[in-house]
Amino acid sequence: MSHRLRSPRSLPFRAAAAVPIVAAFAVLAGCGSPAVAQSESATESVGAVDRVEIEADTGSVSLRPGPEGSAQVQRTLRWTGDQKPEYTQSVSGTTLTITARCPVADERCSTDLVVTVPPAAASRTTVSTGDIAVDDLTGAQELTASTGRVTGTGLGASPVAARATTGQVSLRFAAAPPSVDAEATTGNVDVRVPVGPVYQVQAQVTTGNSRVEVADTPGADHRISARSTTGNVSVTHG
């Protein structure tokens, strides 16, 4: 299943989940003619998937758990003038792939996504400008934000890699992960893991403070790497 959304002249409302709802209103663009700010929202069920791959230029991405055997995508596209995001969504096998691009990199274009997947689903999510939030998923996660926060809560016993160039990285685990790789260039890094298992811990800070309350056990099966160039780093139980 594959489709591409384009900006129509007009689109009547119909009571179907995948039909977008478009709203438009005028905003002043400097001293010239008013530009039209528009938004388009839709919700679509996409069937059973066990992996999600997302690439978005601007906007927020939220990944949440849902029933086994089904997935759902809620999307809201916002744009001004002719800067509508170019959105594509497809499923190949059990992998859901979403791409949201802006014709011009500015604030007049964004795509917000709420993706509901089975709890064990894995993801690779990349956002240029915007926040990434993953809640209560037990699959492996690879999360990257150039400018924005990366947050994971209730994460399970799978590898997690999270990076932010400018922004905070915060990861909380409900089960001990085999490996954690958390990094921020400018921003704080906070990793919290369950009490019990032993961990091999590496925490590095160039400018900032380091707080490590999890004992470092060389050779341990569970490994944590937390790094920040400018910011604080904490590795604690919780």
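The values are calculated or read from the model by the stated rules, or taken from the named source; none is laboratory data. Computed from a prediction, not measured in an experiment: that's the story for all the values here. Glycine also receives a Cβ, built like all others from the backbone with ideal geometry; neighbour counts cover every protein chain displayed.
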Does L63 satisfy the criteria of being modelled with pLDDT of 95 or more, in the same structural domain as A120 (by TED's automatic domain parsing), crowded, with 20+ Cβ neighbours inside 10 Å and under 13 Å from the mean Cα position of the chain (by Cα)?
yes
Please specify each residue of segment 92-130 satisfying the condition of being outside any loop (DSSP other than H, G, I, E, B) and surrounded by fewer than 17 Cβ atoms within 10 Å (Cβ to Cβ).
S92, T95, R101, V114
In segment 86-109, how many are under 17 Å from S146 (Cβ atoms) and modelled with pLDDT of 95 or more?
3
Being surrounded by 17 or more Cβ atoms within 10 Å (Cβ to Cβ) and part of a loop (DSSP other than H, G, I, E, B) is the filter; apply it to segment 18-49 and report the residue that is modelled with the lowest pLDDT.
P20
In contact (Cβ under 8 Å) with a residue 60 or more places away in the chain and either out of contact with any strand residue (DSSP E or B) (no Cβ under 8 Å at 6 or more places or on another chain) or surrounded by fewer than 16 Cβ atoms within 10 Å (Cβ to Cβ) (or both): does that describe T88?
yes
Please go through segment 74-88 and pick out each residue that is touching a Ser or Thr at 6+ places or on another chain (Cβ under 7 Å) and part of a strand (DSSP E or B).
Q74, R75, T76, L77, R78, Y87, T88
With criteria (1) in contact with a Lys or Arg (Cβ under 6 Å, 6 or more places away or on another chain); (2) within 19 Å of D50 (Cβ to Cβ), R192 comes up short on (2)
Assess whether L143 counts as being assigned by TED's automatic domain parsing to the domain that holds R163, crowded, with 20+ Cβ neighbours inside 10 Å and assigned to a strand (DSSP E or B).
yes
